[in-house]
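A short worksheet on the structure shown next.
The values are calculated or read from the model by the stated rules, or taken from the named source; none is laboratory data. Computed from a prediction, not measured in an experiment: that's the story for all the values here. Ideal geometry is used to build each Cβ from the backbone, glycine not excepted, and the neighbour counts take in all protein chains shown.
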Amino acid sequence: YPSSMTSLNNDMRYSVYSSQDIFKALDDEEENIFLNLYKKHILSSILEFSPNLVGISITNTSQIIPGLTLAKLIKNQHKEIHITVGGSVFTKLIENIKKVDGLFSMVDSFIVFEGEHALLELVGQLDGKRDCKKVPNLIYRENGVTKINEPFYTEDLNKLPTPDFDGFPLKLYHTPASVLPVQTSRGCYYSKCSFCNLHLDHRSFRLRRTELLMEDISTLSQKYNTPYFFFTDESVPINKLREISQGLLEKRWDIKWMGGVRFENSLDDDLLEKMHESGCQKLVFGLESYNQRVLDLMKKGIKTDVVKRVLDACLKVGIAFHLYIIVGFPTETEKEALETLDFVLHKEYLNSLGFSCLPSLFGMEKDSPVTHSPSEYGLRSIMSPRGEDLGLGYFFEVEQGMSPEEAGEMYHYIIGRLSEELCPFPYNYSLSDGLLYITRIK
């Protein structure tokens, strides 16, 4: 106490945006839940292999303290083990890493942006000449100076092999079958939303050829004995949805899949029907708001009438859907937020198999378009929080609409209303596990 951990998240009173707080947390036996957990159950299972390299992915801020705790425990026992950290969090913190020397007391290097060739080259260098300059996308220390290997390397998706999950203890997961991730693209083909900074993770948009995707699905399905797949793109392009669906139908594979998509005019009844026939069980949409003024200010590029038509068509053909919404975007009023809530609580949606919805409170993220022109979004000021040398966002004051405090209250109200109407388990609990429930019930 007061720390807490669930199967989805963890919370401590330490700020993950302050290196000073993070370093304190790493040694706090009273409040760092992960210290004892790792010592009892994890550390020995890693060290028994006598690894030369340990890679730790930190893809969410809630993983910063757990990830660095593990890194420090390993370093304390075996300083010679090279520890590298990858993931989107530190990709967004490249400039910050240069100023926080303490990170390199527990981590030897960071791989930013994409890591396939970078990690492979790092393994080779650690086995050979140990020339870190040759490892793409690497941040490391040399003679007391932090080095960043630029220009950053971008993977050619059509030259990458099928993902390999050998070594993952898939049978230990509390699930009757594996739901495996497949990427049809990297980056976002739209990339205009004013609240989003995903361009910091993916420097360009690229597609993987459909014939390679079909090979991926076939190989993974047979190798790991599963028909379940999640297309993990930021948003699968409509043409790619059409090609994949056609390919699955032609091959007559019994594949069940879901993926993230945008509300596009071209996502019509015929395509949705074809997708469903090919095995599509659920689609994940970033709705964000059902108020057209707010959507336009967000630069979402979608219309509410298209949203309604697409969702109605999903219901008609039997495809479930998940909706993400944002509460408190600058200038949004209480009335506009409630308009979105009323829409997602549509009785027909609530009664449909597999429906889920997750709201998030708007946060002004580092280098998102909103931060570049605050006045356009009705903002009086934006401020960097004090003491956050690993900060990923800003405080802000608004000229109109809900204040951040009022938006917080509205967010909790919406969470409460959704909890009354939507059972969090199974569909709001885990999107991939929800896919298994949908197929079982059907």
So the check is Cβ under 9 Å with 6+ separation or different chains; which pairs have a first residue in the stretch 366-395 that's at positive phi and a second one that's buried (at least 17 other Cβ atoms within 10 Å of the Cβ) and at pLDDT below 95? 367/197; 367/200
Out of all the residues in the stretch 113-136, is one or more in contact with a helix residue (DSSP H, G or I) (Cβ under 7 Å, 6 or more places away or on another chain), in contact (Cβ under 8 Å) with a residue 60 or more places away in the chain, of a type outside the set (A, V, I, L, M) and not assigned by TED's automatic domain parsing to the domain that holds residue 430? yes
Name the single residue, out of those in the stretch 287-324 being surrounded by fewer than 22 Cβ atoms within 10 Å (Cβ to Cβ) and among the basic types (Lys, Arg), that is nearest to residue 267 (Cα to Cα). 309
Checking 162, 184 in turn, the sole residue that is touching a Leu at 6+ places or on another chain (Cβ under 8 Å) and not assigned by TED's automatic domain parsing to the domain that holds residue 257 turns out to be 162
Kindly indicate the residue of the stretch 188-198 that is surrounded by 18 or more Cβ atoms within 10 Å (Cβ to Cβ) and closer than 20 Å to residue 329 by Cα and also modelled with the lowest pLDDT among those meeting that condition. 197
Residue pairs within 6 Å by beta carbon, gap of at least six or interchain, first lying in the stretch 269-286 and assigned by TED's automatic domain parsing to the domain that holds residue 228 and buried (at least 20 other Cβ atoms within 10 Å of the Cβ), second of a type in the set (Gly, Ala, Ser) and in a strand (DSSP E or B), listed first then second, are 282/320; 284/260
Scanning for something loosely packed, with under 15 Cβ neighbours inside 10 Å and in the same structural domain as residue 326 (by TED's automatic domain parsing), does the stretch 199-210 turn up at least one residue? yes
Among the small types (Gly, Ala, Ser), in contact with a strand residue (DSSP E or B) (Cβ under 7 Å, 6 or more places away or on another chain) and either touching a residue at least 24 places away in the same chain (Cβ under 8 Å) or closer than 15 Å to residue 191 by Cα (or both): is that true of residue 260 in this structure? yes
Residue, farthest from residue 400 (Cα to Cα), within the stretch 327-349, restricted to residues that are buried (at least 20 other Cβ atoms within 10 Å of the Cβ) and among the hydroxyl-bearing types (Ser, Thr, Tyr): 349
Identify the single condition in (1) touching a helix residue (DSSP H, G or I) at 6+ places or on another chain (Cβ under 9 Å); (2) surrounded by 15 or more Cβ atoms within 10 Å (Cβ to Cβ); (3) part of a helix (DSSP H, G or I) that residue 432 does not satisfy, given that it satisfies every other one. (1)
I need the full set of residues from the stretch 399-411 which are surrounded by 13 or more Cβ atoms within 10 Å (Cβ to Cβ) and in a helix (DSSP H, G or I), in order please. 404, 406, 407, 408, 409, 410, 411
Within the stretch 185-199, identify whether any single residue is out of contact with any Gly (no Cβ under 9 Å at 6 or more places or on another chain), among the hydrophobic types (A, V, I, L, M, F, W, C) and assigned to a helix (DSSP H, G or I), and answer yes or no. no
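Matching residues to (1) in contact with a Lys or Arg (Cβ under 9 Å, 6 or more places away or on another chain); (2) assigned to a helix (DSSP H, G or I); (3) under 30 Å from residue 308 (Cα atoms):
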position	(1), (2), (3)
171	no, yes, no
174	no, no, no
177	no, no, no
211	no, yes, no
235	yes, no, yes
243	no, yes, yes
249	yes, yes, yes
260	no, no, yes
273	yes, yes, yes
Among the numbered criteria (1) closer than 20 Å to residue 396 by Cβ; (2) modelled with pLDDT of 95 or more; (3) touching a helix residue (DSSP H, G or I) at 6+ places or on another chain (Cβ under 8 Å), which one does residue 366 miss? (2)
Suppose the filter is within 20 Å of residue 189 (Cα to Cα), in contact with a Lys or Arg (Cβ under 8 Å, 6 or more places away or on another chain) and among the aromatic types (Phe, Trp, Tyr); does residue 321 pass it? no
Conditions (1) at pLDDT below 95; (2) of a type in the set (D, E, K, R); (3) farther than 20 Å from residue 137 by Cβ: number failed by residue 166: (1)
